[in-house]
Every structure is written in C-alpha cells, then in structure tokens.
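All remarks here apply to the structure that follows.
The values are calculated or read from the model by the stated rules, or taken from the named source; none is laboratory data. On a predicted model such as this, the values are computed, not experimentally measured, just so you know. Here the Cβ positions follow ideal geometry from the backbone for every residue, glycine too, while neighbour counts run over all protein chains shown. Surface accessibility is based on the protein's heavy atoms, side chains included, excluding ligands, DNA and RNA. Shrake-Rupley method; radii C 1.70, N 1.55, O 1.52, S 1.80 Å.
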Amino acid sequence: MKKKSQKWVRFRHKVYMVILKYPVMFIFWLLYGYKHKRIKLAKNENAFIISNHQTQFDPILVSLGVNKPVYYVATDTLFSNKFISSLLNHLFAPIPKKKGLTDPKCIKTMMKIAKEKGSIGLFAEGNRSYAEFQYNIDSGLARLIKTLKMPLVLFNIHGGTGCFPRFARGFRKGKFYGAVARKIEAEEYLKMSDDELINVIKESIKVYDSDNGYEYKSKHRAEYLENMLFVCPKCGKVQTIYSKNEHILCSNCDLKVEYTTKLHLKYEDKDFTFSKLIDWYEMQKQWCLNSSFEEDEIIFKDEEVKLFITQVNKPRKLISKGKLILTPTKLIFEEKEFELKDLIIASAIGGQKFNFSMPDADYLVIGNKKFNPLKYVLMFNKLETHMKEKQTDKYFTLN
C-alpha cells in the first residue's frame, strides 16, 4: 500500500504565528521603529507574496503584515545546521532551494503548498541588495505564478538598505516600514504575457532608499564596506580598500570618501564622479570584465578563511582553514584546491560568505569580518567556469 505523503501546511504553524506575531511585532517596533500595513487575506484565501529583499529579517518583516502563515522559499545553505534546520522545519516549514539554479523539487513543494491552501513567500531577486540595483528575475517565475493561480501580492520593504545595509554589522536609525505595492488577482495576470507580468513584478518591488531623501544615522555607517568594495577608483589597486567610521579609504593612495546619512558618496576631489554605491559596483564589474592575467598569477588572496562541505539537513563539515588564493585556473585553500573549469555555480551569501558547487559536492566559504566574497563570485563569471559558459549566475553576471 502506497504511503500517504505528509501535509506541508500544518495547524501548528498557525498556532506558532498567533503566539509569536505580536511579541515580535512589538520588538521590531521598539528596537528599529519598523511599521507595516497589513495584508489581510480572507478565510479561505491564500496568496503568492513577492517582496524586494533588503535585510536578513525580511521573511519576518513580511510575515508581520500577513494574517496567515507564510511558507518562504529559502536557500538550502540555511539547512546545513541540523539543529537550526529541525527548528525551522517544525516552526515555519520553509521551502529549501538551491541558490542560483532551477530546482524542480522546490517547485513541486510550492505546488503542494498551493494545493493545501497555504500562502507562499518569495524574494524573486534571490539575493539581498548590495548597492540598490535590481537583480535578474527569471522569466520562469511568470509561468509558475500562472500555474499556481493564487492571488499575487507585491510587497515593499522600505528603509532596509539604510537601516541594515548588507555590508553592516549594526543598525542605523532611520525610517523603516513595509507596505503592499499591489495585489493582482489571477483573472488579471492570466491575461498578461509572461514578459508583461515579470515587468509588473520588477517595477512594483523596486525600492531604492537612496532616492527617498531620508537620513540613516550612524557614526560607523561606512564600516565593513570592504565586504563589497575591492577596487580603488583613484589608483586602480585591488584589495586596498578599507573602512573607518563614516569613510571609505585606500591603503595605497589618498582616497577618502564619505558615505553620507542619505546613502550617497561625498568626495572633495572633482575627478571622483561616483554619487552612489551602485556606480562603484558597476566600475568593479568592468574591472573584472576587462582584466587579463598570467596563467599562475594570484588574482585575489585572503587569510582566515574556512571551507565547509554542506548538505541539506546535515551539519556542515569543516575541511580547510587558513589561506584562500584565486588564480585564473584554480581556487586554492590550505588543504584542498579546485579546478575552476569544474565550478558549476557560486553566489555570495550575507556579508562575508559565498557558496559554490562542484560535481562532487556543495561548499561554503566563510571569511573574517573584512572578507569580500563578492569579488570571487564576480571573477568566476570572468574566468573559464561552467557558470560563465552556461550563464547560470542570476545575480552577479558581468554583462
């Protein structure tokens, strides 16, 4: 006799939501001033909720405004810690997904949740904002939405990149809130082409805090920007950028740029033309794209780096600790090295981590608090890897 599959949507999720929601709402208001406008779903109504992605708290922030449990699509590296994985699965049952790749198992789970009348949460760009640009949104999302035929709710988090920038280790005080941008019934979006629907989603979740005119105050507002910046725009040197309080500096020249409370760049030198972090980010992409290297040249080098093997629902295993070197053909750790021609996909995670997949296993790299994972992922799109060849990178492509 065939064993009946377990339901994904459980009554206990509703109970936990009722117990936790208002205390958590109060904490976020008290500590961070976060406010939201509600997404009120009818008794038998579920929804596909899509939001922009600004902070590590975004699933919580969106859920605070919904009167029903929401099942979020989450990167599978979140499930590499067995205890955390068990706790998350019991309390909230998030949906594991391989980062940067189409995951049929994830799609199957989403269809199961929709059938069980559960609501699904998705951060369509798949990655937290680095510099207020919009990541690629896969056109396959439109087909998925049309297959599920759920009401579509497009949600905006405002102030997240000001209060909790991806590179930061602390909170910056400023306006911080969430609101529904648009709700679209299935009857309406089924009449749209896939491209039209994707464009509606893109425009509805586009939020750039540097354009809102609000201030985000901190005496350390530029600290850890070296998690993102690695090329000096003045002298052209690499890995010489460092931060101190509200300034970005270069150890090789006299560069000194203020990161202002309104999330702009301020510099007295008239030749410095960047006004926002996105300008600096785009310059770095061009540097990667236009660079050329000798066969065994060291492109990047970092100390105090840890390498783990990761598996879903299993503890990650430390296999190397110490130096990390990138050459045009190899990624070299203290105890292990990899041929770049075998690298399938990689993506930056949080502020100081990146994961990558090889034919034999999935790996996680964690650096120290000054570590820049972005430079490695950008360079993987330049060098001869599978992710360059097949253009599998949805977030950090150079084109």
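Just so you know, in the stretch 104-140 the residues that are closer than 18 Å to P59 by Cβ and without any contact (Cβ under 8 Å) to a residue 40 or more places away in the chain include one that is nearest to the chain's Cα centre (by Cα), and it is C106.
Restricting attention to the stretch 141-183, and to residues there that are crowded, with 20+ Cβ neighbours inside 10 Å and charged (D, E, K, R), which single residue is farthest from the chain's Cα centre (by Cα)? Taking the candidates together, the pick is R172. Search the stretch 191-217 for residues being open to solvent by 30 Å² or more (accessible area, probe 1.4 Å) and acidic (D, E), and hand back the single one that is nearest to T147 (Cα to Cα). Here the answer is D194.
Please tell me if F300 is under 30 Å from E132 (Cβ atoms), in contact with a helix residue (DSSP H, G or I) (Cβ under 9 Å, 6 or more places away or on another chain) and at pLDDT 95 or above. The answer is yes for F300. Screening the stretch 218-268 for residues that are touching a residue at least 60 places away in the same chain (Cβ under 8 Å) and over 21 Å from F171 (Cα atoms) and picking the one that is least open to solvent (accessible area, probe 1.4 Å) gives F230. Within the stretch 343-396, being surrounded by fewer than 17 Cβ atoms within 10 Å (Cβ to Cβ), farther than 19 Å from S320 by Cα and of a type in the set (S, T, N, Q) holds for one residue alone: Q391.
Is it the case that A168 is over 30 Å from L289 (Cα atoms) and in contact (Cβ under 8 Å) with a residue 24 or more places away in the chain? So A168 fails the test.
A residue that is hydrophobic (A, V, I, L, M, F, W, C), modelled with pLDDT under 95 and assigned to a loop (DSSP other than H, G, I, E, B) occurs nowhere in the stretch 362-376. Could you pull out the residue among A93, A131, A114 that is touching a helix residue (DSSP H, G or I) at 6+ places or on another chain (Cβ under 6 Å), at pLDDT below 90 and open to solvent by less than 30 Å² (accessible area, probe 1.4 Å)? That would be A131, the only listed residue that is touching a helix residue (DSSP H, G or I) at 6+ places or on another chain (Cβ under 6 Å), at pLDDT below 90 and open to solvent by less than 30 Å² (accessible area, probe 1.4 Å).
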